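Step one of this worksheet: look at the structure below.
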Amino acid sequence: VAVLTPFSGRLSRRFGARRLFLWSVAPTVLSLAALAQATHVGEVTFWRGAMAVFYATATIACQEYALRATLDRGSARPMGAFVAVVYSGVFCGAALGGVVAGRFGFAAALLSGAAIAALAGAIGAMMMRSAAGDAVMDGATFASSAQAPRWGARLTALLLGLAVPMTATTAVFVWYLPPLMLSAAGSGSAEIARVVMLYYLSVVLLGPSVTVLSDGVAGPRALVLGGAVLAGLALLSMSAWAGFWAVVTAMAGLGIGHTMMRAPMYALVQRIDPSGATLAPLRLFERLGAIVGLGVCAFALPAFGAEAGIRVLAVITLLGVFGYLAVELTARNHARPQQERGNGQ
């Protein structure tokens, strides 16, 4: 997914979001069906990797379609809807997949996923008919999205200080460390899954409200910063107490904090760079943050332990907030004298 992310946006503009999505459906169905028949780790790895390729192209095609379909480039509504749908699918799919796999076996669960992917393709073929799904030619509507991103201190601080810690924390804390910690404490697979699902449940329940607040009185910047602070404090709370309920509380707090951040962050990036060219780097930084965070944590875990890794994530998250605030305040103070000189002239 990380490797395909920088190219999927370009493919979506070149061939059209609708066509790229539909092209991704059949290989995804095939990969899931083949995964259901896999008998050893090599086959599982290969078909899961193949599925990831077309997952990347399909989801980014839908993301591009949602962003183009709205006329307000600074709104959180399209990304809010996209994030809510994707995370609802994760939440429901994980729960249903676990039930089906437990009752009928892994192959049945994977084949059910293949059938749902085929159904999604049929729905996409019927629904993605507007101009937002067409290819983007030079001089056409949305052609500005093919421009080079407007790099600056604010954008760099946003990506490195907020986006990367958010996705690194998701990979390390949601997918990796708590399942290991709970398993070592004697929790079973079903109990661990319920704790992890608290993170995704926050997106499903609070996502629409966050979108309204982002487009309304709060604004995306306040939500992104507030969410990052909440996420950092949720991780830091693990230093004050331990055990099952400590993990539950931290997971719920992290889910709420990241829900406050995800969709508003895309709106904030579009307000910083209205051309839309920064969205591809944002996607790339998000993926790289997850990979780097997970890799560093995996290698450092035997030497320093899970608790130390969580504290480091908390500190990095909070430092990112202060770093972004410092850059934002510096940029405003620098812009104010220039505006005053312009008014005087």
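The values are calculated or read from the model by the stated rules, or taken from the named source; none is laboratory data. Model, not experiment: these values are computed from the prediction. Cβ sites come from the backbone with ideal geometry, for glycine too, and all protein chains shown count toward neighbours. Ligands, DNA and RNA are stripped out before the accessible areas are found, and what is left, the full protein with its side chains, is counted by its heavy atoms. Shrake-Rupley method; radii C 1.70, N 1.55, O 1.52, S 1.80 Å.
Annotations for the structure displayed:
- Residue pairs whose Cβ atoms lie under 6 Å apart, sitting 6 or more positions apart in sequence or on different chains, and linking a residue in region 154-181 that is at negative phi to a partner that is among the acidic types (Asp, Glu) and modelled with pLDDT of 90 or more, do not occur here.
- Ala263 vs. criteria at pLDDT 85 or above, over 14 Å from the mean Cα position of the chain (by Cα) and not aromatic (Phe, Trp, Tyr): no
- Residue list for region 213-244, filter: assigned to a loop (DSSP other than H, G, I, E, B) and more than 25 Å from Ser187 (Cα to Cα): Gly216, Val217, Ala218, Gly219
- Extreme residue, nearest to Leu236 (Cα to Cα), among residues of region 267-292 that are part of a helix (DSSP H, G or I) and in contact with a Pro (Cβ under 8 Å, 6 or more places away or on another chain): Gly289
- Scan of region 292-322 for residues that are surrounded by 17 or more Cβ atoms within 10 Å (Cβ to Cβ) and more than 27 Å from Leu158 (Cβ to Cβ), ordered by number: Ala306
- A search for C-beta distances below 6 Å between a residue of region 191-217 that is closer than 15 Å to Ala81 by Cβ and any residue that is in a helix (DSSP H, G or I) and open to solvent by 70 Å² or more (accessible area, probe 1.4 Å), counting only pairs 6+ apart in sequence or on different chains, returns Thr211/Arg77.
- Exactly one residue out of Ala81, Ala26 is out of contact with any helix residue (DSSP H, G or I) (no Cβ under 6 Å at 6 or more places or on another chain), among the small types (Gly, Ala, Ser), closer than 23 Å to Met197 by Cβ and part of a helix (DSSP H, G or I): that is Ala81.
- Looking only at region 10-36, residues that are open to solvent by 30 Å² or more (accessible area, probe 1.4 Å), closer than 16 Å to Arg68 by Cβ and of a type outside the set (A, V, I, L, M) come to 6 in all.
Each row is one residue, and each column tells you yes or no for (1) assigned to a loop (DSSP other than H, G, I, E, B); (2) among the small types (Gly, Ala, Ser); (3) open to solvent by 30 Å² or more (accessible area, probe 1.4 Å); (4) at pLDDT 90 or above.
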residue: Ala132; (1), (2), (3), (4): no, yes, no, no
residue: Met137; (1), (2), (3), (4): yes, no, yes, no
residue: Met166; (1), (2), (3), (4): no, no, no, yes
residue: Pro178; (1), (2), (3), (4): no, no, no, no
residue: Leu201; (1), (2), (3), (4): no, no, yes, no
residue: Pro208; (1), (2), (3), (4): no, no, yes, no
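- Every test in (1) open to solvent by 40 Å² or more (accessible area, probe 1.4 Å); (2) within 30 Å of Pro281 (Cβ to Cβ); (3) touching a residue at least 24 places away in the same chain (Cβ under 8 Å); (4) over 19 Å from the mean Cα position of the chain (by Cα) is passed by Ala117 save one, and that test is (1).
- Filter pass, Thr259 being open to solvent by 50 Å² or more (accessible area, probe 1.4 Å) and not in a loop (DSSP other than H, G, I, E, B): no
- Residue in region 90-98 that is open to solvent by less than 40 Å² (accessible area, probe 1.4 Å), in a helix (DSSP H, G or I) and more than 29 Å from His258 (Cβ to Cβ) present: no
- All conditions in (1) over 24 Å from Thr156 (Cα atoms); (2) out of contact with any Lys or Arg (no Cβ under 8 Å at 6 or more places or on another chain); (3) modelled with pLDDT of 90 or more; (4) not aromatic (Phe, Trp, Tyr) hold for Leu254, with the sole exception of (1).
- Residue count, region 30-70 (criterion: more than 30 Å from Thr278 (Cα to Cα) and either among the basic types (Lys, Arg) or assigned to a helix (DSSP H, G or I) (or both)): 14
So that you can scan it fast, the table gives a plain yes or no per residue for (1) more than 20 Å from the chain's Cα centre (by Cα); (2) in contact (Cβ under 8 Å) with a residue 60 or more places away in the chain; (3) buried (at least 20 other Cβ atoms within 10 Å of the Cβ):
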site	(1), (2), (3)
Pro220	no, yes, yes
Val224	no, yes, yes
Phe244	yes, yes, no
Leu268	no, yes, yes
Arg271	no, yes, no
